[in-house]
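The values are calculated or read from the model by the stated rules, or taken from the named source; none is laboratory data. This one's a predicted model, so the numbers in the text were calculated from it and none came from an experiment. No Cβ is skipped: glycine too gets one built from the backbone with ideal geometry, and neighbour counts run over all protein chains shown. Just the protein is used for accessible areas: all its heavy atoms, side chains included, with ligands, DNA and RNA removed. Shrake-Rupley method; radii C 1.70, N 1.55, O 1.52, S 1.80 Å.
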Amino acid sequence: MRTFPKGSKQILWLGGLVLVVAAVTVPARAQSQDSGQNQELTFSLGGIPGQRRSFQGSAGAAQISADRSFGINYGHRFLDAKIAALYGELEFVAIPNRALTAASATVPQNYASLYLTPGVRLKFLPGSRLSPWAAIGGGYGLYQQSAQLSNGQNTTNKFLNRGVFEYGGGLDYRLFRFIGLRGEVRDFFSGNPNLNAALNSSTQHNVVASGGIILRF
């Protein structure tokens, strides 16, 4: 039975806090806007595929499991034209439990991750029902490994902070004036999580695919 890393609830609590703050402040700010729907709030669910990470100087590798993801995105449109619109955005994604296995090394049993990346998003054909877009940004990543390693030993080095470069794209579908749907794929490119062993690369791609609902104000 899979267990969450001890303390990973803190990551989900932080996501909930972002959600509550956004839900309270965005409508209040939006009411003061005279130009219409300049703001978007998106809630999404998705997942990240499993991946294999090779160890340095050996044939061994760690297998990282797939996991679900939870996301919140706030976007503010500050430039609009018929062919495209430019948004500033704040992207939050939490991935609560990725299991780790390795035959040739002692690794954490699992780890959680969180990404918080401000950036910009360019949306094409913003007045159409279907609007493709591309986004780029950068910010903060937090990795939290489990309290126990794969050999049963405890560890105290559980948290690791990383810088993150984020990019991706997606498609928005307008259902009604204030509600839409979004499908997207983003890569949170960062330094490695702490796998308790040297890897043959100092960076890791974390590709998250998700879908969600957009609220426009």
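Summary table below
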| read-out | value |
| --- | --- |
| Residue in segment 159-167 that is within 26 Å of Gln37 (Cα to Cα) and open to solvent by less than 50 Å² (accessible area, probe 1.4 Å) present | yes |
| Every pair of residues 6+ apart whose Cβ atoms lie under 6 Å, when the first sits in segment 70-84 and is farther than 18 Å from Ser44 by Cα while the second is open to solvent by less than 50 Å² (accessible area, probe 1.4 Å) and of a type in the set (Ser, Thr, Tyr) | Arg77/Tyr87 |
| Members of segment 134-157 that are within 20 Å of the chain's Cα centre (by Cα) and either over 25 Å from Arg68 (Cβ atoms) or surrounded by fewer than 22 Cβ atoms within 10 Å (Cβ to Cβ) (or both) | Ala134, Ile136, Gly138, Gly139, Tyr140, Leu142 |
| Options Ser128, Ser113, Ser190, Ser104; residue that is open to solvent by less than 60 Å² (accessible area, probe 1.4 Å), in a loop (DSSP other than H, G, I, E, B) and of a type outside the set (Lys, Arg) | Ser128 |
| Leading residue by the ranking (farthest from Glu91 (Cα to Cα)) among those in segment 193-209 that are part of a strand (DSSP E or B) and among the polar types (S, T, N, Q) | Thr203 |
| Output for segment 107-125, where each listed residue is farther than 12 Å from Ser146 by Cβ and out of contact with any helix residue (DSSP H, G or I) (no Cβ under 6 Å at 6 or more places or on another chain) | Ser113, Tyr115, Leu116, Thr117, Pro118, Gly119, Val120, Arg121, Leu122, Lys123, Phe124, Leu125 |
